[in-house]
1. Show me the ranking of peptides B:448-456, A:530-538 by mean Cβ neighbours inside 10 Å, starting with the highest.
2. Report, as an integer, the average count of C-beta atoms from other chains found within 10 Å of each Cβ along B:465-473.
3. Could you tell me the accessible area of A:TYR249 in Å² (1.4 Å probe, neighbours in place), rounded to the nearest ten?
4. Could you please put B:ARG399, B:ARG521 in sequence from largest to smallest accessible area, using a 1.4 Å probe?
5. Run through every distinct alpha carbon pair of the protein assembly as shown and return the Kirkwood hydrodynamic radius in angstroms, one decimal place.
6. Can you compute 3J(HN,Hα) from phi for each residue in the stretch B:183-188, using the Karplus curve 6.51 cos²θ - 1.76 cosθ + 1.60 with θ = phi - 60°, rounded to whole Hz and x for Gly and Pro?
7. Which of rounded, prolate, oblate describes the stretch A:254-302, given a ≥ b ≥ c as roots of the alpha-carbon gyration tensor eigenvalues and a/c under 1.5 marking rounded, otherwise prolate only if a/b is larger than b/c?
8. Express the accessible area of chain A per residue in Å², computed with a 1.4 Å probe while the remaining protein chains stay in the model.
There are 2 protein chains.
Amino acid sequence: MLFDPFKSHFLFLILSLSLCVSQTLALNSVPEPDASLTYLWPLPSEFTSGNRTLSVDPDLSLAVAGIGGNSAIVRAAFDRYRAIIFKHTSGISIFSRFTGRSSVYDISKLKIIVNSDNEELQLGVDESYTLFVSKNDGKSITGEATIEANTVYGALRGLETFSQLCSFDYGTKSVQVYKAPWYIRDKPRFAFRGLLLDTSRHYFPIDVIKQIIESMSYAKLNVFHWHIIDEEAFPLEVPAYPKLWKGSYTKWERYTVEDAYEIVNFAKVRGINVMAEIDVPGHAESWGTGYPNLWPSTSCREPLDVTKNFTFDVISGILTDMRKIFPFELFHLGGDEVNTDCWSTTPHVKQWLQDRNMTAKDAYKYFVLKAQEIAISKNWTPVNWEETFNTFAENLNPRTVVHNWLGAGVCPKAVAKGFKCIFSNQGFWYLDHLDVPWNEVYTAEPLEGINDSSKQELVLGGEVCMWGETADTSDVQQTIWPRAAAAAERMWSRRDAISTGNITLTALPRLHYFRCLLNRRGVQAAPVTNKYARGPPTGAGSCYEQ
Amino acid sequence: MLFDPFKSHFLFLILSLSLCVSQTLALNSVPEPDASLTYLWPLPSEFTSGNRTLSVDPDLSLAVAGIGGNSAIVRAAFDRYRAIIFKHTSGISIFSRFTGRSSVYDISKLKIIVNSDNEELQLGVDESYTLFVSKNDGKSITGEATIEANTVYGALRGLETFSQLCSFDYGTKSVQVYKAPWYIRDKPRFAFRGLLLDTSRHYFPIDVIKQIIESMSYAKLNVFHWHIIDEEAFPLEVPAYPKLWKGSYTKWERYTVEDAYEIVNFAKVRGINVMAEIDVPGHAESWGTGYPNLWPSTSCREPLDVTKNFTFDVISGILTDMRKIFPFELFHLGGDEVNTDCWSTTPHVKQWLQDRNMTAKDAYKYFVLKAQEIAISKNWTPVNWEETFNTFAENLNPRTVVHNWLGAGVCPKAVAKGFKCIFSNQGFWYLDHLDVPWNEVYTAEPLEGINDSSKQELVLGGEVCMWGETADTSDVQQTIWPRAAAAAERMWSRRDAISTGNITLTALPRLHYFRCLLNRRGVQAAPVTNKYARGPPTGAGSCYEQ
């Protein structure tokens, strides 16, 4: 049975503490932060806080419990977060005034309880956790800081929240937790909280992909949608068809299967699934660099040649190889922006269509459904961009997840027909749209227009999309952040808690704070309120105001 | 005695090998790189290469020799570079076709010989090294890969060069050295190769400063000029005057003395000195937030009040505290852009000037010279921005290093008068000037207009300056890189080797390559040929072309 601090008699004591904290945050030219706000991002679903300040031991130790507590994932995460929390090491002070500090700390141990040893990471994995932080007075039945979760992935989310409670105090030169004691009971609103990265328009080195995945974990995003391949480049190794990655820009802009495997594991231990995509039949010109037979003709190269068994053999081969790398149950088959002119004008394809009494549109459907069958045969749930649903909803496999992007109103239609849906309305959640300000990202709502709760459950969540035409290693992180964080809170936090009031007062100061937190962790998050995303600051000033 | 491969009889064998390599670099849409170029940045001063490809053991081991070889700095650097060289780990392959690879490698050991155990890092420290990479045939008197240097800092430069020789080959999935055997004998042209970072206009978290310092080492830059304080903010803790950092933007945008100390040590083990600056008497308004007496008046806050002993007591206190942190012999006292209006209009200052029959300009000189005296009394060599030289050269302490910034022709004048000089002509080497393209950075020459070799020796080197008005964590690295690398080669490599021929053919492809190397190492270097520095790529494409 889970220990439940919310039901315990401690709760009444906690609730009786004032929520209005008098803690002074002495600042120079920058306005005082609103102490009534909770500087956690995304906002936990339930929490109470107090008015005490607790110190955290720089030698904070880990204690684990529960059948899943003794997990390598938990231990590695604790080490990562300890490095984050204790960035400022006192070391051996060269200034005598800083020696002889108190060695008595309020919190010297973090207890992590994990109630299951099942470490499978799939859609809907239990990410809930409770976090309790108080001074140990010797009477409490919990530890000084305790995270309890049903899975290691819930524990990871709790660790992130704990790290955000910890602040380095420059006055005492120690890490402190303000507004303690804290009782937090938290869980995500949506199971699928994604970020798409396009590694075809620009190649991203594996270290950069890891940086992005690491930063996703700070905002509790949990799906890395890897748009690996597109018409411009085919960077991934496919052992079954070893010439495919001849479609890479250069022989140095490639991913080996081992690279991909490493990325999947790097993501997994951060509680992030990798959803791979091969976008067919459009957006696939680069496939033909290695296998020109995949093109309708050398002068008309897209969509993939629908007439040949070879085309589907290659898709099957790719999916067989990918299945060994990507354990996530969802696989993205693209299906967007298919211009069938090549099919209508290339003689052998035209003939093939005539022989079967098919239009080009019929062939598009034929192709998508055949690709779906291949994916399903490999035990994958297919995801398709919304055009497939918009064009032939009645033929789509009922397991299909419809991925919205073109605009509003698609998820309502999809769930009305019983399909699952992912929300990525390009007007708000396409990060390459640089003119969309943080507040429009923040208020975009995946459940907009869906009122029936049984239908709401079909919305898996949403995804922000970082298309790569003008994003490369030099600018990708500041194009992603901080706006991806605005979507991350929308997808994690309770809708009622973040949808009322004036967000300029309730969310903006918190987002500023989170952006500066990202910066402190070495993530190149851009100013929050610049006119165009990833724009430079307009002048000198504090991170907390820009 | 140093082993000297250039004088050995091996040299003749090496030179007889063709320099024109037939190695094919199969590419897709991108032109073949020019195989006659040497893709090392900055270009070593002397080298020969061959036409063999050698494989490098993923378990590459370190062997040290010489009285300085058993150094923690060398061992830590070897570990860092091994992580860089072997980013692609094969791990346990999930694809059977990738098992059973050859376990015989041409290079399985890197030998590092350091001939001195003096690890003091000062201006002019010996950074020379030789690097020899060949297949061990059992007959060679050197190892398979050998770095020999007089100091650990030379060994660090050699390690960087070795890492640039190592490429991951996606075909064989192993690290290879092309064009072996390599004989490299290298040393810098200038002793001072700096980068300025301004942490007053924007605060940079310590992790970000470390990222910048780490990236500097890749281009063999060796001085981190820390422009800590300016009129906007005073982020550094000064124990002697603990209210000074009240001038920080917020209480979270600060550096403790321990932070500063850690940065100095982080830089030192990468062979990089930290030159601290306090810019007086202008650019110092933020000092008065904690101590308003430093302002001439609350309504006229800059320059610092020249009339009070307290002003110089504070400067002395800061320098005493800083001396414990910054061991580098150079200390920057600023002295630029001093607008003395406050002195002329504030009654008590005006009176003070009249009493002494001094003009405001006299007071500027008085202030700068007094600050110089304080710095010199603490065993520092003062550096001043060029205005001090331009205004009262005859009064400057002869040890003064003149720091050029306003334009051309200053270093020639300074060295003619016997002063040392640092070149930072803002028209070329101010990185915040976003309209200066890579080639103008590259061709700017610190010795321009100085023909007498005894005078040339007074030019310590140069520095690129990253002023912070529109640079923060989100955009600083892509504003610095790749243009800082252009200056880095100018300062490291032989002038004759990089000043002849068409640099679009000889340098640009190499700079593209180095930019992509930075990207692979996780550094956000911007496209080389974009119209404005740090601009995004204009469209999809290869890193090697943008």
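The values are calculated or read from the model by the stated rules, or taken from the named source; none is laboratory data. Just so it is clear, the structure is predicted and the values come from calculations on it, not from any experiment. Heads up, the Cβs are rebuilt from the backbone with ideal geometry, glycines too, and the neighbour counts pull from every protein chain shown. In case anyone asks, the SASA skips ligands and DNA or RNA and just uses the protein heavy atoms, side chains included. Shrake-Rupley method; radii C 1.70, N 1.55, O 1.52, S 1.80 Å.
1. Per-residue Cβ counts within 10 Å, averaged per peptide and sorted highest first, yield A:530-538, B:448-456.
2. Average per residue, whole number: 5.
3. Approximately 10 Å² for this residue.
4. B:ARG399, B:ARG521
5. Across the protein assembly as shown, the inverse of the average 1/r is 31.4 Å.
6. 10, 10, 10, 9, 6, x
7. prolate
8. 35
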